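Colleague: Questions regarding the structure given below will be posed in turn.
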Amino acid sequence: MYGIGGVLIWLAINKEYEPMLLLPIGFGAILVNLPLSVVWEHAGADGFLKILYNMGIATEIFPLLIFIAVGAMIDFGPLFKNPMMIFFGAAAQFGIFATMIIATMLGFDLKEAASIGIIGAADGPTSIFVANIFAPHLLAPISVAAYSYMSLVPLIQPPVIKALTTSSERKIHMAYHESNSPKWLKVLFPILVTMISGFVAPISVPLIGSLMFGNLIRESGVLERLSQTAQNELAYLVTLLLGITIGASMTAVNFLTWKTFLIMGMGLVAFIFDTAGGVLFAKFVNLFLPKDKKINPMIGACGISAFPMSGRIIQKMANEEEKGNIILMHAIGSNVSGQLGSVIAGGMVLALVPLIFIMATI
Amino acid sequence: MENIIQYFKSMGERNADGSLVHTLGTTVQALGVTAGGLIGVFATLGVFFLMIRLANLISKKTK
């Protein structure tokens, strides 16, 4: 485990792969595996990392606080200008479900499989939230896989996109019309999204409610300091505590199992299927669009939740394919839809798995 | 095909000891979650899409 912790710290420092999370996770993994594991439990008393775990992970407070911070960072403006992009946020969740099916075929039960599939949400807090409810014993490998692959999006997405698209498709230009969304829409949107999600999948309300609360703080225009606090101090502080606490759950007994290796492999599968789902959906939509309105199918890949990394990668690829092809705003619109889509998908999984469980035993 | 139909027909039937004749396999359950999940995500985001389109229309008319 010291080696694994060391590798995570090396990836964070030398490769700058999600350093804010992988460094604390790596250090936490080393701490908890030291003799007597005093940071976790010693002489019948809880250590400081176990206290943090019980307070922030077991209660799901940390991921929800992260969501408030993320919500305060999201600008839905590009989505409001081209609402069509919202559907890519749905299509790119395909990896969640494909991976879940594969996981059941590999012998995981439905709850474990659902938790593994959620790695495909490309959204750390959602992965932690769902795994903590359905398979807390798999929380450590699922969290490590989710954050590792999120940082590897620049390596995972381009080859998948290139394999599924032709050069001419990647060169498609998309017109962008500059216009300002009305302020009332920006304020109403988080409120209505929370309410609709609450009616469709009430169990998703903690997730979507936190995200949209953060966004409402941002868009209200009267809570600038709170918005800045959420985006900076809250995000950094909770990320730090979340990382080291997740690391502390990586005891050798729990982590060094064949399941961990399978989960790491399936995490990669989830990200590949997400990307493929988004790209293929864009190609499908193109079948029905006139020639001058075609969508650059790379936009579909941005429907994952890795924001804004995925949007930037797709813009870089478009520019490499043809200098001056600017699709960034469309890509960002699709990318913020991925944020919504991943949370809704998490809520759907949380609602449907127990339902199917009941149906299966009737 | 007949087997599948029989499988679904016999769902809910119980043996003499009270155990189920057939329980849904885990992969079949996962397929159910997949179908429901994808429909649910598309439908929910579809509602958000209509909401944004409507808001944009109202905004244009009031300008």
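Colleague: Please give the contour-minus-distance gain from A:A252 to A:I61: 0.36 nm per residue of separation, less the Cα-Cα distance, rounded to one decimal in nm.
Modeller: Answer, rounded to one decimal: 66.2 nm.
Colleague: Mean shadow of the range A:172-224, computed from the convex hull of its alpha carbons, in nm²?
Modeller: With every direction weighted equally, the projected area is 5.6 nm².
Colleague: Would you kindly state the longest site-free stretch of chain A, with sites defined as GluC sites (Glu not before Pro) in a DSSP loop (not H, G, I, E, B) surrounded by at most 12 other Cβ atoms within 10 Å? Walk me through the intermediate numbers first.
Modeller: On the way: sites that count: A:E16, A:E178.
Value returned for the longest uninterrupted segment is A:179-362.
Colleague: Here's a follow-up. On a C-alpha basis, how far is the centre of the range A:163-204 from the centre of the range A:206-243 in Å? Whole number, if you could?
Modeller: 20
Colleague: Let me ask another. Using the structure shown, select from A:K111/A:K259; A:K291/B:K61; A:K294/A:K316 the pairs with a Cα to Cα distance greater than 22 angstrom. Walk me through the intermediate numbers first.
Modeller: Working: A:K111/A:K259 14 Å; A:K291/B:K61 29 Å; A:K294/A:K316 19 Å.
In this structure, A:K291/B:K61 lie more than 22 Å apart at Cα.
Colleague: Could you work out the mean count of beta carbons from other protein chains within 10 Å of each residue's beta carbon in A:80-90?
Modeller: 5
Colleague: Residues of A:182-192, mean number of Cβ from any other protein chain within 10 Å of their own Cβ, rounded to a whole number?
Modeller: Per residue, the average neighbour count from other chains is 3.
Colleague: Where is the GNM fluctuation largest for chain A (alpha-carbon springs, 10 angstrom cutoff): A:G214, A:G117, A:G303?
Modeller: Comparing A:G214, A:G117, A:G303 in a Gaussian network model of chain A, the most mobile one is A:G214.
Colleague: A further question follows. At 7 Å along Cα-to-Cβ for each site, give me the label-to-label distance between A:N319 and A:L240 in nm.
Modeller: Placing both labels 7 Å beyond Cα along the Cβ direction yields 3.4 nm.
Colleague: Report the label-to-label distance for A:F288 and A:I326 in nanometres (one decimal), using points 7 Å from each Cα along the Cα→Cβ vector.
Modeller: 3.0
Colleague: Can you give me the Rg/Rh ratio for the range A:48-360, using Cα atoms for both radii and the Kirkwood formula for Rh?
Modeller: 0.97
Colleague: Please compute, for peptide B:46-59, the average count of beta-carbon atoms on other protein chains lying within 10 Å of each residue's beta-carbon.
Modeller: Counting Cβ atoms of other protein chains within 10 Å of each residue's Cβ and averaging gives 6.
Colleague: Between A:S167 and A:V7, take the C-beta separation as r, use R0 = 35 Å, and let me know the FRET efficiency to the nearest 0.05.
Modeller: For A:S167 and A:V7, the calculated efficiency is 0.45.
Colleague: Could you calculate the contour length gain from A:V205 to A:F261, that is, 0.36 nm times the residue separation minus the distance between their Cα atoms, to one decimal place in nm?
Modeller: On the way: separation 56, 0.36 × 56 = 20.16 nm, distance 3.22 nm.
Going from the current span to full extension adds 16.9 nm.
Colleague: Further question: How would you rank B:33-40, A:179-186, highest first, on the average number of other Cβ atoms within 10 Å across their residues?
Modeller: B:33-40, A:179-186
Colleague: State the percent of C-alpha pairs, over all pairs in the range B:24-63, separated by a distance greater than 13 angstrom.
Modeller: Cα-Cα pairs of the range B:24-63 separated by over 13 Å account for 63 percent.
Read-outs: derived from the displayed coordinates by stated rules, not from any lab. The shown structure was predicted, so the numbers you read here are calculated from the model rather than taken from an experiment. Neighbour counts run over all protein chains shown; Cβ positions are idealised from the backbone, glycine included.
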